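So the structure is just underneath, and the comments pick up after that.
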Amino acid sequence: MQLSPYTPGRVAREIPGREAQLQEIGGMLALPALHGLFSGRIRVDIGPRGVGKTSLLRKVRQDALTIGLSPIYVTAGNGPLSAVIADEARSQIQRWGIPGGPGDWLDRLSFTLGVPGVASVTAQASPHSPLPQATRAFRELIERTASTAREQGHKGVAVLVDELQDADDEGLKTVAYAWQELQDSKTPAVFLAAGLSHTPDVVTEAVTSAERFAFRPMRDLQDHEVREALTDPASALGVRWETRVLQDVVAATCGYPYAVQLWGDAMWSAAGSPDSGGVLGAGAFDAARASVDQDMNSLHRARWSKTKGRERELLTAMAQLGGIDVARSEIARALHVATSALGPARQSLLDKGIIQIAGHGLLSFTAPGFAEYVLALE
Ligand SMILES: Nc1ncnc2c1ncn2[C@@H]1O[C@H](COP(=O)(O)OP(=O)(O)O)[C@@H](O)[C@H]1O
Ligand SMILES: [Mg+2]
């Protein structure tokens with residue numbers, strides 16, 4: 001009996017299908033790490049919940065460490081973005097335990113950027129600094145953190161931000177303007193982020209010069225990548241998938257990474273948590289499906305329960321129209337309203353990660369099976 005190697009609801013250990021992303025990001029990490037240069041663009045990998053953004057960013061964190069960068073990894077949303085990053089940079093620097101301390105600058109900048117619990121040293125700054133002052137402070141924070149990292153034997157810093165869509169406007173402005181001002185510098189730093197599909201809207205709203213950001217959509221996995229995600233963890237434990245059932249499971253996941261892990265895990269336990277030499281076979285399929293259905297059902301239920309009124313009408317209309325690549329105009333027609341009247345509900349459902357923009361004027365559900373769930377409610 002071996003523990004399941006699958007990771008439903010947790011960061012994936014391996015991320016098949018993300019080689020292209022890792023390669024491009026590797027090129028960005030190399031700028032500071034190998035050439036001592038500043039990486040001027042802020043790359044943001046975007047996609048619905050469960051597509052694997054956090055897993056990708058965690059892998060990037062490892063890669064950054066491997067190549068010699070000191071990662072500053074944060075999740076946006078629990079405080080102003082610039083303060084959240086400053087706070088993490090501060091903890092990192094404190095962990096280095098520099099004899100005599102890093103210098104007054106760390107307290108001064110932390111205070112200006114509003115890091116909680118840092119007292120003023122100059123008594124001039126305030127935790128709600130005006131934008132130019134905050135931008136200057138953030139720029140200096142990155143410069144000094146990078147040079148301190150170098151003194152500690154690292155090559156530079158990698159700022160990594162998850163859930164970028166939750167960042168505050170002021171924080172986004174501060175960070176984006178500071179990054180722009182650093183363009184001509186030799187600061188060895190790189191900035192990478194991940195966020196839900198509507199992150200470009202959030203960023204464009206906050207920042208005028210959004211062309212510094214490079215948004216890269218993440219897609220569901222292709223069949224051969226799902227196969228790899230299912231078979232590799234099992235093989236590593238000496239367990240084999242029967243070919244026929246593997247095909248059925250691959251099809252059932254619809255390429256949605258969260259479903260891949262649910263299926264792997266459910267097959268594993270339905271097959272009795274096999275020992276080395278064991279098989280994941282057809283006999284486990286029905287029990288696994290029942291378990292996956294339950295889990296997907298609670299996911300759908302949790303999402304549905306976060307919606308109300310017009311949002312539910314919109315979701316129901318979308319479900320009736322198939323749930324994938326549904327034209328906004330069709331939804332409006334079904335609800336007998338003007339397309340513009342859908343705006344607030346649509347935005348709120350995007351924010352909640354329940355729907356995503358699938359192309360110009362098109363919307364899709366983010367989780368497979370959601371349309372069926374909604375239709376069954378009626
Ligand atoms: N490339 C991948 N292959 C297989 N499973 C993955 C992959 N990336 C992520 N997962 C799994 O998918 C689920 C969602 O991953 P996560 O990184 O939390 O997504 P997100 O941050 O986009 O919501 C997790 O259960 C994770 O283990
Ligand atoms: Mg995530």
Summing -39500 (n - 2.57) over every DSSP H run of at least 4 residues in the chain and dividing by its residue count gives a helix-only mean residue ellipticity at 222 nm, to the nearest 500 deg cm²/dmol, of -16000 deg cm²/dmol
Sorted largest first, the Cα spans of the stretch 264-368 on the principal axes come out in Å as 60, 24, 20
Span per principal axis, largest first, for the Cα atoms of the chain (Å) | 67, 59, 34
Two pseudo-spin positions, 7 Å from Cα along C-beta at residue 78 and at residue 23, lie apart in nanometres by 3.7
Coordinate range along principal axes, alpha carbons of the stretch 307-377, Å, largest first | 27, 23, 19
Return a whole-number percent for the relative contact order of the chain, with Cα pairs under 8 Å and 6 or more residues apart as the contact set.
-> 21
From largest to smallest, what semi-axes in whole angstrom does the stretch 19-217 give when each is the square root of 5 times an eigenvalue of its alpha carbon gyration tensor?
-> 25, 20, 15
Angle between the chain longest axis and helix 285-305 axis [Cα atoms, degrees, rounded to 10] | 50
To the nearest 0.05, how large is the calculated FRET efficiency for residue 208 and residue 339 if R₀ is 25 Å and r is the Cβ-Cβ distance?
-> 0.40
How much length is gained if the chain between residue 362 and residue 223 is pulled fully straight, taking 0.36 nm per residue apart and subtracting their Cα-Cα distance, in nm to one decimal?
-> 47.6 nm
Stretched fully, the stretch from residue 320 through residue 293 gains (0.36 nm per residue minus C-alpha distance, one decimal, in nm) 7.7 nm
Specify the residue with the greatest mean-square fluctuation among 52, 156, 79, computed from a Gaussian network of the chain linking alpha-carbon atoms under 10 Å apart.
-> 79
May I ask you to give the percent of accessible area on the stretch 219-272 that is carbon plus sulfur, with a probe radius of 1.4 Å?
-> 46
Can you list the residues, at least 5 places off or on another chain, whose amide H is less than 5 Å from the amide H of residue 241, using H built in the peptide plane?
-> 280
At a 1.4 Å probe, what is the % contribution of carbon and sulfur to the accessible area of the stretch 307-377?
-> 55
Take the solvent-accessible surface of the protein heavy atoms, probe 1.4 Å, and return the percent of it on the stretch 136-184 that carbon and sulfur atoms account for.
-> 35
Taking the DSSP beta bridges in the chain as the whole, what percent of them are antiparallel, to the nearest 5?
-> 25
Residue 354: net charge of surrounding residues, Cβ under 11 Å, Lys/Arg +1, Asp/Glu -1, itself excluded?
-> +4
Restricting to aspartates and glutamates and to Cα separations under 16 Å from residue 308, and discarding same-chain partners fewer than 8 apart, the set is 351, 378
Roughly speaking, what is the centre-to-centre gap between the stretch 82-111 and the stretch 179-239 when only Cα atoms are used, to the nearest Å?
-> 27
The stretch 223-303 shape via C-alpha gyration tensor axes, a/c threshold 1.5 = prolate
Rg/Rh ratio calculated on Cα atoms of the stretch 186-253 (Kirkwood radius) = 1.24
In square angstrom, what is the accessible area per residue of the chain with a 1.4 angstrom probe?
-> 45
If you place +1 on the Cβ of every Lys and Arg and -1 on the Cβ of every Asp and Glu, how big does the dipole about the Cα centre of the chain come out, in debye to the nearest 20?
-> 400
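The values are calculated or read from the model by the stated rules, or taken from the named source; none is laboratory data. No experiment lies behind these values; they were computed from the predicted model shown. So basically every Cβ, Gly included, is an ideal-geometry build from the backbone, and we count neighbours across all protein chains shown. When the accessible area is computed, the model is the full protein with side chains, heavy atoms only, and any ligands, DNA or RNA have been set aside. Shrake-Rupley method; radii C 1.70, N 1.55, O 1.52, S 1.80 Å.
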